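Everything on this sheet refers to the single structure shown next.
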Amino acid sequence: MSKQLKAIKCPSDELSLTNCAIVNPREFEKTRHVEISGQSDKYIFTIRPDNIVPLGEIGFSAVQRKWAMISVDSKIIVKPYQFDLRTSSIDILTVEVDFIQKRNANLDPYDSDRLATDLVQQFSNQAFTVGQQLAFQPQEPNKKMLLVTVKSIESADLTAAIDGKASKHNKILSGQLLPNSVIIFERAEGSSLNLTGKSKGKVQAQSIINPDWDFTKIGIGGLDKEFNTIFRRAFASRVFPPELIEQLNIKHVRGILLYGPPGTGKTLMARQIGKMLNAKEPKIVNGPQILDKYVGESEANIRKLFADAEEDQKRLGPNSGLHIIIFDEIDAICKQRGTASGSTGVGDTVVNQLLSKIDGVDQLNNILVIGMTNRKDMIDEALIRPGRLEVQLEISLPDENGRLHILQIHTSKMRDYGKLDSDVDLKELAALTKNFSGAELEGLVRAAQSSAMNRPIKASNKVQLDPDAVEKLKITRADFMQALANDIKPAFGVSAEDFELYIRNGILLWSQTIRDVLEEGHLRINQTIKSEMTPLVTILLEGKPNSGKTALAAKIAMESGFPFLKFCSPQTMIGYTETAKCESIKKIFNDAYKSELSCVVVDDIESLLDYAPIGPRFSNFVLQTLKLLFRKLPPKGRKLLLIATTSEKDIIKEMGLMQSFSKVIHVPNVSRGVEILQVIEQLDCFSKKELDYLSKELRNKSLSIGVKSLLDCIELSKQATDVYRTAKFLSALEEIGGLHDGDY
């Protein structure tokens, strides 16, 4: 029989924790539960009789009034309700819990098994409905009051069990809690409640990967392998729910260091990581921006970057969202401690502050620091140990497939709109652009576009655009070849001008010895390319001054076809201090290590060493640098051919440098008249009459002259009149080369 009662506030705080509606004992004498018709639905409550409530009234706690949308002093219809225990006995009750007062939130652990026992003891045989909210005070000392929300109710089919059939669980909207009911606690979304124990349910963790992210459209050409490595090392653990991470006692990776040559896609990859992750907006900062002229401000800037993550960690604990901090040019603030000049030590304190934030006493587990640099050697070692920037990945120059992928990305729109001519073969371009970085390939595409866009412009008094040509504009293969030949050169490519300078007169094959030198060079090139056991191949060309050693070294290097060719010459280091010279030499070798195949020509070793026979003196600093670099093996997957030249073989041997070379090749002087005739014939610089005369004069003569000096004699004789040309030539040979009869 239904009654109309007036809703009032619960008479006491103690009664409000019973989860019962409080009524006068004479209101419903034999009724345990009641059904209340609310504004839009019906709600079931367990009632508790108490004389403190007058007849005609019913008391509700604030939580109950909020759930059932009941206003104080409103009239509500209340009628008795009876559960059918065969179908309404609660077998599994799943609830969400949170602190009832957010300001009381803390990270103290709450044992879900203890909470389940307390909840069954306090609310046994009471009615529960999906969506119902109630205040719950755990019995464990010093625990804060919790707000419990019923998420789902499952009942066992007792009728099936009585009939001897296997009982099955049914989802129900309301039921009666029994002493043996199973309680499963789940942390409410956004709550900082720290649940432990076996009665803790699986929390629906927010996916760390942005749901709108498409891995096929990542837009980073040639770096799929590197991106997969980063995902495996840094993000795979964050995909799993927090409870599994807790069970495995896993600490997430908190730092990644991306290093490699400029323009290879480090910053682009960091940006894409930020877009991929379903995390807070990444904080992107350039290393130099951290530094401040005022004492202590640089360290304060570091602290500000981590302030939001610290606040989240304190408030939400292990449930905190991920905070991403990206440092571009991190070497500006994280140089090796103790290397900074001056007495302030500002750089050291910045490194210390960063270390303490990433992996200090109050370490944060909700951060991901991504550092980028092209000078890994300058980074403080403490920053790259496990627990800090522990994932270090080299973003190297792309290989041919990588270059093809990058070109496809940068030409995709042109291809879609039909602006890329059919004669453009991206595979051909990928093969031609050895050692191009991603940025240089993008520049190549832009240069080709500018070349094509220049065609429709009419060159007259005024700049005019041909409207018909605009519609027909296409970027052709010729545009790419023009850009490749004239506009874009790779930073880690071939210094063609340096090498062509030394062989501008070609190579004169005046004897079999010179052919043998070139043949030995070709064998060493093949050894560098094909051998897996000798990634470093070293050759020393030694001989007297002006014998053509540098030209032969340049010729061998050019014929190797390696994507990286570099000349290390003392001519480019005039006026350098010892330290600057060593740094310059070291940089050449470090650049070579970034290419799969490299060739470095170290010309005139004794001049690099500042060797002077009077004294004698030389730079031991440079000597030790060369010794170490000549023996240092390139990184895995990289190969280096080193060709050096010297005119002081004995001195180099005494200094201990000879042991660094796998092959020493002697480059001889021109020593016989027939060899001079070979040079003259190849140059075609004398008439037949003059050649016959010289042949008769030189046939049985001997001398010792470098081929470079011989060419100078020939050029000098060309300046004389025809009558005196041969005489001038023979006179020069006698003066410079000691021309005489018989063997030299």
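The values are calculated or read from the model by the stated rules, or taken from the named source; none is laboratory data. Owing to the predicted nature of the structure, the values given are computational and were not obtained by experimental measurement. Methodologically, a virtual Cβ is constructed for each residue, glycine included, from the backbone with ideal geometry; neighbour enumeration extends over all protein chains shown.
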- Item | Residues located in the range 365-393, provided they are of a type in the set (A, V, I, L, M) and either more than 12 Å from R254 (Cβ to Cβ) or at pLDDT below 80 (or both) | M372, M378, I379, A382, I384, L393
- Message: Which numbered condition in (1) at pLDDT 90 or above; (2) farther than 25 Å from F618 by Cβ; (3) in contact with a Pro (Cβ under 8 Å, 6 or more places away or on another chain) is the only one that S511 fails?
- Response: (1)
- From the list D98, D73, which one is touching a residue at least 60 places away in the same chain (Cβ under 8 Å), over 30 Å from I184 (Cα atoms) and acidic (D, E)? D73
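Conditions (1) surrounded by fewer than 18 Cβ atoms within 10 Å (Cβ to Cβ); (2) at pLDDT below 65; (3) assigned to a loop (DSSP other than H, G, I, E, B); (4) touching a Ser or Thr at 6+ places or on another chain (Cβ under 9 Å), marked per residue:
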{"position": "L178", "(1), (2), (3), (4)": "yes, no, no, yes"}
{"position": "S181", "(1), (2), (3), (4)": "no, no, no, yes"}
{"position": "I184", "(1), (2), (3), (4)": "no, no, no, yes"}
{"position": "T216", "(1), (2), (3), (4)": "yes, yes, no, no"}
{"position": "N228", "(1), (2), (3), (4)": "yes, no, no, no"}
{"position": "R232", "(1), (2), (3), (4)": "yes, no, no, no"}
- Hey, does the range 619-641 have a residue that's under 23 Å from F564 (Cα atoms), out of contact with any strand residue (DSSP E or B) (no Cβ under 6 Å at 6 or more places or on another chain) and either part of a strand (DSSP E or B) or free of Cβ contacts under 8 Å to residues at least 12 places away in the same chain (or both)? yes
- Query: Does F83 satisfy being touching a residue at least 40 places away in the same chain (Cβ under 8 Å), crowded, with 17+ Cβ neighbours inside 10 Å and in contact with a helix residue (DSSP H, G or I) (Cβ under 8 Å, 6 or more places away or on another chain)?
  - Reply: no
- Please state which one of D416, D425, D479 is surrounded by fewer than 16 Cβ atoms within 10 Å (Cβ to Cβ), modelled with pLDDT of 85 or more, touching a helix residue (DSSP H, G or I) at 6+ places or on another chain (Cβ under 8 Å) and among the charged types (D, E, K, R). D425
- Query: If you go through the range 521-571 one residue at a time, how many are in a helix (DSSP H, G or I), crowded, with 16+ Cβ neighbours inside 10 Å and either charged (D, E, K, R) or in contact (Cβ under 8 Å) with a residue 40 or more places away in the chain (or both)?
  - Reply: 15
- Message: Tell me yes or no: at least one residue of the range 258-275 is assigned to a helix (DSSP H, G or I), closer than 30 Å to E186 by Cβ and at pLDDT 75 or above.
- Response: no
- Message: Please verify whether I52 is exposed (fewer than 14 other Cβ atoms within 10 Å of the Cβ) and at pLDDT 90 or above, treating the condition exactly as stated.
- Response: yes
- Test result for S71, surrounded by fewer than 18 Cβ atoms within 10 Å (Cβ to Cβ), farther than 30 Å from S320 by Cβ and assigned by the TED database to the domain that holds N19: yes
- Applying the selection to the range 589-620, what residues are surrounded by 21 or more Cβ atoms within 10 Å (Cβ to Cβ), under 18 Å from S569 (Cβ atoms) and under 41 Å from the mean Cα position of the chain (by Cα)? F589, A592, S598, C599, V600, V601, V602, D603, I605, L608, L609
- Task: Give the number of residues within the range 46-60 that are part of a strand (DSSP E or B), farther than 13 Å from I76 by Cα and not hydroxyl-bearing (S, T, Y).
- Result: 3
- Note on the structure: When restricted to F630, F661, the only residue under 32 Å from the mean Cα position of the chain (by Cα), buried (at least 19 other Cβ atoms within 10 Å of the Cβ) and of a type in the set (F, W, Y) is F630
